[in-house]
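The structure appears below as structure tokens.
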Amino acid sequence: MFFCDYPIKNNEVGLPLFLDNIGKHVCQPRTVRGSGFTHPQILYCTKGNGVLCIDGSRIEIPPNTAFFLPSGYPHEYYPTAEEWDLHWVVPDGYACGDLLTYIGLDKPTVIELKDTALLEHFFSRMHESIRGDSIGGNLRASGYLYNFLIELYRQMNSGRIIRTSNRAIVAAIDHINNCYMNKITMAELCEVTELSKQQLCRLFKRYLNSRPMEYIAKRRIQAAKEMLTSTEMSVEDIADAVGFCSGSYFCKLFSRYEGMTPTQFRNI
């Protein structure tokens with residue numbers, strides 16, 4: 001089976017993200033692009049085996065593997081079995097580059113996928129939207145494209161966290177989720193994770209883009225937002241319930257992270 005959808009582009013070209021083309025090849029042939037492709041590409045394999053050749057390296061692409069190719073990047077890929085089921089998605093839009101960079105796709109990348117079910121779902125919805133509605137289909141496909149990229153980002157992050165040494169970051173987050181309402185010290189987190197303060201700070205910065213104490217504050221604010229919308233508790237009582245040392249400090253941090261006071265948030 002082979003298909004490649006090139007939607008007629010209309011108003012969606014003004015969107016921050018839209019679909020340039022999408023396709024699937026059950027028996028993907030050898031593809032050689034000495035000057036790369038005109039757009040960034042995301043490809044993933046569901047069956048069979050193939051090889052990606054890039055920067056002088058030969059990388060095996062088995063099932064449940066995706067790879068990202070920036071625009072204009074020389075590459076070659078080809079099957080090493082009778083069947084190599086390869087899907088591809090080509091995004092575009094004025095914010096496409098920034099979004100891809102944000103989710104970690106700013107250079108050639110090979111991604112091990114835990115599960116392709118959701119990616120397949122959004123891929124199918126994009127295909128059906130384009131084939132079923134030549135007028136507004138690509139607008140709907142743009143929404144599915146965003147979902148596709150977020151699912152890919154989720155799987156990329158999941159893989160990174162699982163591979164973290166001794167799952168230290170997971171242990172730290174679990175401890176914070178269970179004890180955020182109490183005083184939590186760096187020494188306590190270091191004991192839980194069996195890491196030094198420096199190692200723990202590096203892990204939080206790498207995987208959460210946050211310092212440990214900053215993450216704890218954000219977790220407390222998350223809990224406070226739930227209380228502000230579901231209870232009649234005073235701001236002072238909520239601050240105390242979620243672990244802040246004072247109501248004034250709670251209000252200061254809440255305003256910093258949310259852009260409004262707790263009372264303003266409650267009255268939205």
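Residues THR231, THR116 in ascending order of nearby Cβ atoms (within 10 Å, fewest first): THR231, THR116.
The length gained by stretching the chain between SER248 and ASN147 to full extension, at 0.36 nm per residue less their Cα-Cα distance, is 32.5 nm.
Listed cross-link partners LYS24/LYS114; LYS114/LYS197; LYS47/LYS114; LYS24/LYS47 are compared with a 22 Å cut-off, the Cα-Cα value being larger for LYS114/LYS197.
Can you list which of the chymotrypsin sites (Phe, Trp or Tyr not before Pro) found in segment 31-110 are DSSP loop residues with at most 12 other C-beta atoms within 10 Å? Filter output for segment 31-110: TYR94. Can you work out the PRE-style zone for GLU188? Point 7 Å along Cα to Cβ, and I want the residues of segment 225-266 with backbone N under 19 Å. Correct set: 238-247, 249-250. Only one of (i) 7, 28, 36, 21, 7, 1, 0; (ii) 6, 23, 24, 21, 17, 8, 1; (iii) 7, 33, 38, 18, 3, 0 was calculated from the structure for P(r) over Cα pairs in 10 Å bins from 0, in percent, and its label is (ii).
Shape class of segment 9-152 from the Cα gyration tensor (axes a ≥ b ≥ c, square roots of the eigenvalues): prolate, since a/c reaches 1.5 or more and a/b is larger than b/c.
Among LEU228, LEU86, the order by Cβ neighbours within 10 angstrom, fewest to most, reads LEU228, LEU86.
How much FRET efficiency would the formula 1/(1 + (r/R0)^6) give for CYS53 and ILE103, where r is the Cβ-Cβ distance and R0 is 30 Å, rounded to 0.05? Efficiency for this residue pair is about 0.75. Annotation: for a label point projected 7 angstrom from Cα along Cα→Cβ of ARG30, residues of segment 38-68 with backbone N closer than 18 Å are 49-61. According to the square roots a ≥ b ≥ c of the eigenvalues of the Cα gyration tensor, what is the shape class of segment 101-145, taking rounded for a/c under 1.5, prolate for a/b larger than b/c otherwise, and oblate for the remainder? Because a/c hits 1.5 or more and a/b fails to exceed b/c, segment 101-145 counts as oblate. Taking each residue as 0.36 nm, the span from ALA171 to GLU214 lengthens on full extension beyond its C-alpha to C-alpha distance by 13.8 nm.
Only the coordinates and a few stated rules stand behind these numbers; no lab work does. All figures in this text were calculated on a predicted structure; none of them were measured in a lab. Positions of Cβ are backbone-derived with ideal geometry, glycine not excepted, and every protein chain shown enters the neighbour counts.
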